[in-house]
Amino acid sequence: MAEVSIRKMRKTFGKVVAVEGVDLEVARGELIVLLGPSGCGKSTTLRMVAGLETISAGELRIGGRDVTRLEPKDRDIAMVFQNYALYPHKTIRGNMAFGLKMRGMEPGEIDRRVSDAAEMLDITHLLERKPGQLSGGQMQRVALGRALVRDPAVFLLDEPLSNLDAKLRARMREEIALLQRRIGKAMLYVTHDQTEAMTLADRIVIMRDGRVQQIGSPLEVYDRPANAFVAGFIGSPEMNLAPAEIAGGRLVLGEGVSLPAPEGARPGPVTAGIRPEALAPVPAEEGAPLLVNGIEQLGSQTLFIGDLGGHRVRVMTGRRDDIRIDDRIAVAAPQAAIHLFDRDSGERLA
Ligand code: ATP
C-alpha cells in the first residue's frame, strides 16, 4: 500500500492555476523528487501535502487515511525547510525537543529520541549550542534532526540544500541518501537542481506549468524522456533539440546534412533530440559535417560547440586536443540514441 497517495490534486490562487491534476503514489522507503523550473508548482504541491496550503481539489491520503482537510499536525508528516526555521534563542537540544514537548511527550522519551537523532546526524557535540553558533551545514543537520525525532510516516523537504555551497551540498546529498536508506520512510523532496534529483531520487516527478510531465527513475527519464521539455530539462550539458525531417531512412538536419534515422521512424517533420554525449567525431565519410565554433576543455572530456546543418549543437567526447576552432569535422550518433518528438506537441514518438 502506498504511504502517500495523491489523487487529481489541484491548487488555484484566485485565477492562477498553480497545480493541476497531480497523481502520485509514494511507497514506504521511497525517495521521490519533485523537479522543475521556477514556478512549475513543485513547492505548492509539497505544501499541500504538508497542509501549509489548502487543497483546492483532489484527495490526499497518508498511511491509508484521508488527510485532505486535516491540520499539518494531524498528518503524520515532518517538513524540512530551506531556511532551517530554527528558534534562535533555544539550544539545538531545545530546538529538536520543542515539537515533542508541545505534544506532551514524556521527557525521558524526548531525551532518548533527541540523543538517537543527534547521533545519527553526528551533531551530539552541538546540542548545547545556539543556532547562531553553527555553520550552514550543521544547521541543516539540526533541521533534519528536528524532523527525525518526530518519527513521522512522511518526510517533506523543500530545497533543503540550496543555502549550502557546492561541496557541502554534494556531501549532504550523500548523507540524506544514506539517512533515507536507514530510516526507510517515504520522502518527498523538492528541488530545481537536476543533479540533486538524479543522484537522490528513486523516482523523479518532472513538472512544468503546474502539471506532471513524467514520472520515472533517473535513468528512465534520461533514456526515454516523455516529451521534448523533459528531454531538454534532464541531462547536462543539455540535449541538442532541432527541427528535422525523416526522409528516405535518414534524419535530415539541413541541406546535405543527415544521419541514419532511428529504425522504424515514419517520414515527416519531427523534433530530433541527440544528447551531446551521444554525438562523436568520426571519419569524414561516416558522419554529418560540423563546423566547430567553440571548444571547452574540461580535463577528462572535451565539449565542442558547432554548427550542424544550421543548428547550434554540442558534442561531448572523451578528451580531444587535436581539433581547433573553425575546423570542419564529421559527427555521428548511434541510431538508437536519436530521440524523436512530435514537432507540434513535443510528445515522444515511439
Ligand atoms: P520555485 O522553484 O520558484 O519555488 P515552484 O516550482 O516551487 O517554484 P510554486 O512556488 O509552487 O513553484 O508556484 C507555482 C505557481 O503558483 C507560480 O505561478 C506562483 O507564482 C504561483 N503561486 C505560488 N504561491 C502563490 C500564492 N500564495 N498566491 C498566488 N500565486 C502563487
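Throughout, read-outs are computed from the coordinates displayed, never taken from laboratory work. Given the structure is predicted, the values throughout are model-derived calculations rather than measurements. Please note: Cβ atoms are built from the backbone with ideal geometry, for glycine as well, and neighbour counts cover all protein chains shown.
Relative contact order of segment 250-350, please, whole-number percent, based on alpha carbon pairs below 8 angstrom and at least 6 residues apart. Write down the numbers at each step before the final one.
Values: 202 pairs, mean separation 34.9, N = 101.
Contact order relative to length: 35 percent.
Which residue, S236, L156, S217, has the largest displacement toward the positive end of the dipole of segment 127-284 when charges sit on each Cβ (Lys, Arg +1; Asp, Glu -1)?
L156
Would you mind putting 298-310, 84-96 in packing order, based on average other-beta-carbon counts within 10 Å, highest first? Walk me through the intermediate numbers first.
Numbers: 298-310: 15.6, 84-96: 17.7.
Packing order, densest peptide first, comes out as 84-96, 298-310.
Identify which of E119, E285, E20 has the largest mean-square fluctuation in a Gaussian network model of the chain, with springs joining Cα atoms closer than 10 Å.
Greatest mean-square fluctuation among the candidates belongs to E285.
Under 24 Å Cα to Cα from K130, which lysines show up? Leave out anything in the same chain fewer than 8 places away.
Excluding near neighbours in sequence, the set is K90, K101.
Using the number of other C-beta atoms within 10 angstrom as an exposure proxy, rank F98, F229, F13 with the fewest first. Walk me through the numbers on the way to the answer.
Working: F98 16, F229 20, F13 11.
The fewest-first ordering by Cβ neighbours comes to F13, F98, F229.
Cut-off 10 angstrom, C-alpha nodes, Gaussian network model of the chain. Which of E263, E159, E245 fluctuates the most?
Of E263, E159, E245, the most mobile in the Gaussian network model is E263.
In straight Cα distance, which aspartates and glutamates are under 16 Å from K185, not counting same-chain residues fewer than 8 positions off?
Correct list for K185: E3, E25, E30, D76, D151, E175, D202.
Please give the calculated 222 nm ellipticity per residue for the chain, where each DSSP H segment of at least 4 residues contributes -39500 (n - 2.57) and the sum is spread over every residue; nearest 500 deg cm²/dmol?
Details: 8 runs with 85 residues, N = 350.
Calculated from helices alone, the mean residue ellipticity at 222 nm is -7500 deg cm²/dmol.
Can you tell me what the convex hull of the Cα atoms of segment 4-232 projects to on average, as an area in nm²? Let's see the in-between values first.
On the way: hull surface 50.7 nm².
Dividing the Cα hull surface by four gives the mean projection, 12.7 nm².
Going Cα to Cα from K8, which lysines come in below 19 Å? Please leave out same-chain ones fewer than 8 positions away.
Candidates past the 8-residue exclusion: K42.
Calculate the length of the line joining the C-alpha centroid of segment 251-294 to that of segment 303-333, in whole Å.
About 12 Å separates the Cα centre of segment 251-294 from the one of segment 303-333.
Return, ordered by residue number, the residues of segment 229-253 whose backbone nitrogen is under 11 Å from a label point located 7 Å along Cα→Cβ of E296.
Backbone N within reach: 236-238.
Given an 8 Å cut-off on Cα distances and at least 6 residues of separation, report the relative contact order of the chain as a percent. Don't skip to the end; give the middle numbers.
Working: 730 pairs, mean separation 54.6, N = 350.
That works out to 16 percent.
Quote the relative contact order of segment 193-293 in percent (integer), defining contacts as alpha-carbon pairs under 8 Å separated by 6+ residues. Walk me through the intermediate numbers first.
Working: 133 pairs, mean separation 18.3, N = 101.
Across segment 193-293, relative contact order equals 18 percent.
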